[in-house]
Each structure stands twice: as C-alpha cells, then as structure tokens.
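The values are calculated or read from the model by the stated rules, or taken from the named source; none is laboratory data. On a predicted model such as this, the values are computed, not experimentally measured, just so you know. Cβ: placed from backbone, ideal geometry, glycine included. Neighbour counts: every protein chain shown. Please note that ligands, DNA and RNA were not included when accessible areas were found on the heavy atoms of the full protein model with its side chains. Shrake-Rupley method; radii C 1.70, N 1.55, O 1.52, S 1.80 Å.
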Amino acid sequence: MLRGENAIVEPGSALNAPTDKSTAPIAFIDLKAQYTRLKRQIDARIGVVLEHGRFIDGPEVAEFEAALAAACGARHCVAVSSGTDALLAALMAEGIGPGSGVVVPAFTFPATAGIILLLGAVPIFVDVDEHSFNLDASDAARRIEATKDLGRITPKALIAVDLFGMPANYPQLAELCREHDLFCLADAAQSFGASLGERKVGTLAPVTATSFYPAKPLGCYGDGGALLTDDDGRAARYRSIRAHGKGAEKFEIVRVGLNARLDTLQAAILLAKLEVFDEEISARTRVADSYDAALSRSGVELPRRIDGARSTWAQYTIQTRSRNELAAALKEDGIPTAVYYPAPLHLQPAYRKHGAGPGSLPISEALSERVLSLPMHPYMSESLVANIGSRLESALERTTGEQR
Ligand SMILES: *Cc1c(COP(=O)(O)O)cnc(C)c1O
C-alpha cells in the first residue's frame, strides 16, 4: 500500500527518515525508530539464521507460524512470500478460474483484483461505504444478482478488504456469502492485529490473507505474507501450493503451485517484531486519538470509529474536498502525506474493461479524490501529532478554506 507511484510524497524517503526531533524531517512511517528499539533482538535473530544457514524452510518459519496463529487465535498459519501471493494461493486452492466471478471492492490496493485476473476469473467490482471505506454489502448483493442475471460468469468468491486497518463488516458479509454460496476471503493486508468484538483478524472469515510488506503494521524487511484459517484441509493445500504443488512424497507434484515461501530471515525478523506488536497497536490507537483531538475543529472529515472494533490504524485517512491543495501546502510545511488510492480499480487501465466506467461506483470514485493519509506510526509523540494538527489547520486556511 505504500507504493511510490501512488503517493503524493515519495514514501521511500520518509520510510528511512529519523523520528520526532523538532529539527528532523517528519516521517510518514518511521521504521528506523522501531529498529533502534529492537536492534538487539532483530540482529540476534538474524545472526542465528546466518549461522544455521537454513534460509528456506528454516526453523524460524514454523516458529513464526505458530506464534502468529496464537496471536490471533487461528488454528493454522501458513507463511508465504507476500500478501499478493497469499490472496492468489487462497483463490487457487478454491479452484477459482475461467467462468468464476469474484466480488471485490473497487476502492483498494490493486493487488486485490490483479490476482483474480491472473487466474482467468473476472472481478465483480462493488462500491464501498463512504465512512468505513469497506465493502458495502447491499451494493454487493445488487451486483451479485445482476451478474447472475447476465449468466456469463458465476459468482464464486468474495474478497473483503479491511481498508486502513479497520475490519470489514464480517457478520453481514458471512450472511451474504451464505446466501449466494460464495467463498469469503479476508484481505487483511492492513489489519492484522485488529479485532471485531472478541474476535481477532485471522478468525473473522473462513480464510484470512495478510501481508508483511515493510510499511504494514506488522512488516518485515522485504516481502512476506501469511494465510490464516481453522480449516485443516485448506491449510494443507496452502502448504502444497506455496511449494510448487508438492504432495506427500518427495518430488511428487499433485497440483499446479507456486514458489511462494516466506524466507527464514523474514520469519526471524517478524518473530522479534511480534514481541512488541500489541504494544505498537496500542500506541497507534493513541496516535489516532490524538489526531482526532487535534483535528476536531478543522472541518475535514475524520476516520470513523466502529463500536466494538479495534483498528490497526495502518493509515489515518481524512477526507476533504481540497485534498490536492492541502497535500501541496502540507508538503511545503515539511509534512509528508499520501493518497491511498488515487484511482478506484474499475478505472485502472488494466482492469477497466471489467467495470462499467466512470459514474458506476460513485463512492469509490469520490473517495479517490478526497482521501489523504497523514503520517502514522507507533513512535509519534502526542506533541508531534498536535503540531501536525495545527499546521494542517493553517494549511487549510491558506488553501480553499471555504470549500472543505
Ligand atoms: C499491501 C496490500 C496487498 C498486497 O500485499 P503485498 O505483500 O505487498 O503483496 C494486498 N491488499 C491490500 C489491501 C494491501 O494493502
């Protein structure tokens, strides 16, 4: 989600920038502050892998899988090479392919739809709720019916995305999936660590895919991802798919698979980071609360809270009609921001022939013009957030104050 081409400010520079000193540049995401805190543990973990040399399928992979499953309460965790590969493997394991339709929100990271097309299936783009940014179940129901009426493809699966770290409405989506006999896959690339009521992300849908891209709330130092499920059969299929479709015997290939394993080094790094992850989510929540307080009178729309839900705050995303002017003014002030996402998927050149063009998904289209994500990481002080808040207010006054 932190790809340079999507960002108004190149996030690569902010990623490595130092933290929260008044003279230092403000980081959009500060991975250096986290490394400074965890250096001893991370370096030691990496050292162990360099010594034993089992860079693929090393013991840290199984240790990490057990730790991640325990952290969310899922029965199985299968670690893979990226969030995209997790989504791809999950659809492959269900036999999604030509003739299948897969329901997907139009307002998300492009990978969520790319994997559908890679398998020869067709995305059924659905609008989102303008406050939660997540899939709108009633719009999904209408578009599933319309697809069935046309009769060209059969809706087989639904991918719910927990955008910016807030879980989608899984109880509602489970009902929809039951009604239409759809496989429900959670794209929790941004939301591992979040929860709905007593249940944690990883257990909210039959299968959950997550990502350890460095800028995600739980990130490694490269690409990584995981699948979480309570289903023994599916977990076994994922283990086979991530290693070329292997069977029980050595060199026996029972299905078409991928090379999609998580590197041992990345598992080792994630084990060190997992130790402080809960605390980091609490810190992110405090940063979000501070933003809410700092921006309460600014006139921009703040991200909505959902009763009983805990977000990971992968992004703190405001909405304003003067988004581009505000982003430019903040940049002048040394405050990096990013736009996730500047175009809804049904208008992306590679995907648009599967959509109904401009105007067909009005909320997703409007959000792509209004959203702006502010610096967010667990190592921001309250005074830094307050400072960003007051600079944002004065930037708003300098821009088009009247049309917020
Ligand atoms: C980051 C992201 C992905 C892809 O994860 P990678 O690990 O980068 O492949 C998929 N979906 C969403 C919503 C994301 O934010």
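How would Ser394, Ser298 rank on accessible area, largest to smallest, probe 1.4 Å?
The residues order as Ser394, Ser298, largest area first.
How big is the accessible area of Arg143 in square angstrom, nearest 10, if you roll a 1.4 angstrom probe over the protein chains?
Accessible area of Arg143: about 70 Å².
Calculate one ³J(HN,Hα) per residue across segment 240-257 by plugging θ = phi - 60° into the Karplus curve 6.51 cos²θ - 1.76 cosθ + 1.60, and present them in order as whole Hz with x for glycine and proline.
6, 4, 6, 10, 6, x, 5, x, 6, 8, 4, 6, 8, 10, 9, 7, 7, x
Can you run phi through the Karplus equation (6.51, -1.76, 1.60; θ = phi - 60°) for segment 288-297 and list ³J(HN,Hα) in whole Hz, with x for Gly and Pro?
After applying 6.51 cos²θ - 1.76 cosθ + 1.60, I find 4, 4, 5, 4, 3, 5, 5, 10, 4, 9 Hz.
With each pseudo-label sitting 7 Å past Cα toward Cβ, what's the Lys39-Leu258 distance in nm, one decimal?
For Lys39 paired with Leu258, the spin-label model returns 3.6 nm.
Residue separation times 0.36 nm, minus the C-alpha to C-alpha distance between Glu369 and Val276: what's the value? Could you put the intermediate results ahead of the total?
Numbers: separation 93, 0.36 × 93 = 33.48 nm, distance 3.56 nm.
Extending this stretch completely gives an extra 29.9 nm.
Report the full-extension gain for the segment Ala146 to Asp292: residue separation times 0.36 nm, less the Cα-Cα distance, to one decimal in nm.
48.6 nm
Heavy atoms only, 1.4 Å probe, whole protein assembly: order Phe251, Phe109 by accessible area, highest first.
In descending accessible area the options line up as Phe251, Phe109.
Ignoring ligands, DNA and RNA, how do Thr264, Thr147 rank by accessible area with a 1.4 Å probe, largest first? Could you put the intermediate results ahead of the total?
Details: Thr264 0, Thr147 20 Å².
Order by accessible area, largest first: Thr147, Thr264.
Would you kindly enumerate the cysteines in the chain that have no other Cys beta-carbon under 4.7 Å from their beta-carbon?
Cysteines lacking a close Cβ partner in the chain: Cys72, Cys77, Cys220.
Rounded to the nearest 500, what is the chain's calculated 222 nm mean residue ellipticity when only DSSP H runs of at least 4 contribute -39500 (n - 2.57) each, over all residues?
Rounded to the nearest 500, the figure is -12500 deg cm²/dmol.
So what are the ³J(HN,Hα) numbers for segment 333-339, from phi and the Karplus equation (6.51, -1.76, 1.60; θ = phi - 60°), rounded to whole Hz, Gly and Pro as x?
8, x, 10, x, 9, 8, 10
Please list, in chain and number order, the residues 5+ apart from Tyr213 or on another chain whose amide H is under 5 Å from its amide H, with Hs placed from the backbone.
Amide H neighbours of Tyr213, under 5 Å, 5+ apart: Gly83, Cys220, Gly224.
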